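Structure first, commentary second.
The values are calculated or read from the model by the stated rules, or taken from the named source; none is laboratory data. Nothing here was measured: the structure is a model prediction, and the numbers come from that model. FYI the Cβ positions are ideal-geometry reconstructions off the backbone, even for glycines, and counts take in every protein chain you see.
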Amino acid sequence: MRKVLVLASGGLDSTVVVALYKNLGYDVHLLYLPYGNINEKAETERLLKLREKFDIPAENTLVVKLNLNYSNSKCIGKSDGATYVEMRNLIFISYAISVAEAKGIDEVAVGFIKTLDEYKDTTEEFVVMMNNLSVSTTGIEVKAPLKHLDKRGVYELGKKLGVSLTDVFSCNTPNGDKPCGECYDCVDTKQLIKQCNIPDEENPFKN
């Protein structure tokens, strides 16, 4: 059985990646990398529920705390910063490749999707370069299986695989365990709710 290490956060995109690989019959492992992010508690809670939902053994889950307190991002509480965390995905994927090599895992998977305004460390070109580097040095593939889908496409695929908005937490700057309603991810979710006529019982802003 092939093994995959998913960089998981409890958000919609990475959760659908987990569901996809489980559906394909992979042995799924999870890596969560809190880095001083203010949504760590909410993400961790969702990640544990995700592990239960998809029957992923506890020993297949690894949490490694990083310290990116030098960042200028709102995600670690800088009030005048942007959402972007400087080269976070380069750091995350590097860690994931190291973990995969140590544990004999065949692939690393990330939840990057198609967006109009891409961060420079989420582009298709970035994924190709990271994959080429990883394959040439370790033989481990780096994949972004949702990169051809926009948020609506990801949601619709997730529905087919049994994922609901009630299963995930997608907010970078929450108020406690509640989504802020204003960050990039919240705006994305609000647009998704409108586009797909998502009912109130699945609406994270009404629960």
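I'm trying to understand the selection: among the residues of the range 182-207, which are part of a loop (DSSP other than H, G, I, E, B) and either under 18 Å from Lys78 (Cα atoms) or without any contact (Cβ under 8 Å) to a residue 24 or more places away in the chain (or both)? First the steps, then the outcome.
The first filter runs over the range 182-207 and keeps only residues part of a loop (DSSP other than H, G, I, E, B), leaving 182-183, 197-199, 203-207.
Correct list: Glu182, Cys183, Asn197, Pro199, Lys206.
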What are the residues in the range 116-140 that are surrounded by 14 or more Cβ atoms within 10 Å (Cβ to Cβ) and closer than 20 Å to Val154 by Cβ, if any? Glu118, Tyr119, Asp121, Thr122, Thr123, Phe126, Val127
Among (1) among the aromatic types (Phe, Trp, Tyr); (2) surrounded by 15 or more Cβ atoms within 10 Å (Cβ to Cβ); (3) assigned to a loop (DSSP other than H, G, I, E, B) - the single one Tyr70 does not satisfy: (2)
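Looking for whichever is crowded, with 17+ Cβ neighbours inside 10 Å, within 28 Å of Gly25 (Cα to Cα) and charged (D, E, K, R) here; the options are Glu59, Glu101, Glu107, Glu52. Which one fits?
Details: Glu59 fails: crowded, with 17+ Cβ neighbours inside 10 Å; Glu101 fails: crowded, with 17+ Cβ neighbours inside 10 Å; Glu52 fails: crowded, with 17+ Cβ neighbours inside 10 Å.
Exactly one residue qualifies, and that residue is Glu107.
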Taking the range 163-181, which residues are in contact (Cβ under 8 Å) with a residue 40 or more places away in the chain and within 17 Å of the chain's Cα centre (by Cα)? Val163, Leu165, Thr166, Asp167, Val168, Phe169, Ser170, Cys171, Asn172, Thr173, Pro174
Conditions first: (1) hydrophobic (A, V, I, L, M, F, W, C); (2) in contact (Cβ under 8 Å) with a residue 24 or more places away in the chain; (3) over 14 Å from Val6 (Cα atoms). Val135 passes all but one, so which condition is the exception? (2)
If I filter the range 52-62 for residues that are at pLDDT 95 or above and assigned to a strand (DSSP E or B), do I get at least one hit? yes
Do you know which residues across the range 110-142 are modelled with pLDDT of 95 or more, assigned to a loop (DSSP other than H, G, I, E, B) and more than 20 Å from Ser9 (Cα to Cα)? Gly139, Ile140
So which pairs qualify, if the first residue must be in the range 65-83 and at positive phi, the second must be among the small types (Gly, Ala, Ser), the Cβ gap must be under 9 Å, and the two must be at least 6 apart or on different chains? Gly77/Gly36
